[in-house]
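All remarks here apply to the structure that follows.
The values are calculated or read from the model by the stated rules, or taken from the named source; none is laboratory data. None of these values were measured; they are calculated from a predicted model. Here the Cβ is made from the backbone with ideal geometry for all residues, glycine too, and neighbour counts use every protein chain on show.
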Amino acid sequence: MKNNQWTHPVIFNIAGVFALVFPVIIASIMLAGILTPLFRITPWENPWYLGLWITLSPAIYFLWLFLQIGYFTLDLRFRRVFMGMEKRKRTMSREDGFQFLQIVSLYLRARYLFSLPFVESFLMISYLRDLVFLSYSIQSKVSSSSLTIGYLYDPDLTEVGDHTIIGTHTAVVAHSITVEPDGSWVVNTAPVKIGSRVMIGGNGLVDLGVVIGADAMVEPFSFVTAFTSIGPGEIWGGNPARFLRMRPEFASNESLQEPLAKPVNQPSENTTQAAVEILSLALNIPAEKITDDINVENCTAWDSLTQLSMSMELQKKLGIMLSNHEAFRLRSINDVKRIIELNVASPVQN
């Protein structure tokens, strides 16, 4: 058998089911064997009935658990069809409180499910994992051949490629909840893209808007900050995560480094048009509504997260890389224009 066949979904699922169910049955039988003789001294006419119920208790729990997950899944479908629930790029409690509460309730549901016994073990089995994900998310974009033992709080916004490993207790979060100066709450979302054959170590955190290319590695206990872009075959680590080195087996073999994101587009015809395009994508505002005086003071959508999003769009569209410190200095459209002028000599049309 080839090495890659050992990770075939069917084989892995059978092994996962056996590893999950067999210890539970054995432990239940042992518990019944210990407790049943003790009840012989009780006035019970047939204490073996109690032993039978003790043996069946795990099955009763699993039945209850599956019924609850099934109810959550149907409830979510009902909300989507009849209540129009969706995760937007920016949802404010003061503008759409009902939508805001619906989204937050999903994150609370995820925390509740992960606190239940055996739910984390379900993540090792692709079919059960998808069932768990669909109980608190509209859809799942996780490949069935991946091993996702960590916590994905936004499976509908998190794309995970084939044969990717996400380690134990690593959280992948494609959202943030912030507070506006007026006290209103805001849910911000940005998709996370994780390519094929990526390895993310345990006890880490991958924040919103992160893009990780194929064959990349993130070391354990690392924090990949929002809107970070990790190239194919790169190794990152630390808090915050930084580029460490290239994987030697892929450093000189570009055929194995499949691109995750779309090819980098050329800059727009002029600096102003390029700046408007960047702001439109980062702020989620139509280009025609981007004015010449737009800035952090007169645009409520312009916050620290959108500044990081601007930095990422600058890198994707024009190849301009900014540090987080430089990104947080983008406070107006003129700041964006100045960055483009300093780094792009002669922008051209797509």
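A few remarks follow.
- Residue 314 meets the stated requirement of being under 13 Å from residue 281 (Cβ atoms), surrounded by 13 or more Cβ atoms within 10 Å (Cβ to Cβ), in the same structural domain as residue 280 (by TED's automatic domain parsing) and at pLDDT 85 or above.
- Filter result for residue 268 (of a type in the set (Ser, Thr, Tyr), in a loop (DSSP other than H, G, I, E, B), over 24 Å from the mean Cα position of the chain (by Cα) and modelled with pLDDT under 85): yes
- You will find that of 138, 149, 200, the residue that is crowded, with 22+ Cβ neighbours inside 10 Å, among the β-branched types (Val, Ile, Thr) and in contact (Cβ under 8 Å) with a residue 24 or more places away in the chain is 200 and no other.
- Scanning the stretch 73-103 for residues that are assigned to a helix (DSSP H, G or I), touching a helix residue (DSSP H, G or I) at 6+ places or on another chain (Cβ under 8 Å) and modelled with pLDDT of 85 or more yields a count of 2.
- Within the set 118, 100, the sole residue that is crowded, with 18+ Cβ neighbours inside 10 Å, more than 25 Å from residue 219 (Cα to Cα) and among the aromatic types (Phe, Trp, Tyr) turns out to be 100.
Residues are listed down the side, and each one gets a yes or a no for (1) farther than 25 Å from residue 150 by Cα; (2) out of contact with any Ser or Thr (no Cβ under 6 Å at 6 or more places or on another chain):
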site	(1), (2)
72	no, no
77	no, yes
80	yes, yes
116	no, yes
119	no, yes
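- Considered as a group, the residues in the stretch 105-142 that are assigned to a loop (DSSP other than H, G, I, E, B) and touching an Asp or Glu at 6+ places or on another chain (Cβ under 9 Å) include one that is nearest to residue 61 (Cα to Cα), and that residue is 135.
- Per the listing 301, 261, the residue uniquely modelled with pLDDT under 80 and part of a loop (DSSP other than H, G, I, E, B) is 261.
- The residue of the stretch 169-188 that is farthest from residue 92 (Cα to Cα), among those that are assigned to a strand (DSSP E or B) and among the aliphatic types (A, V, I, L, M), is 171.
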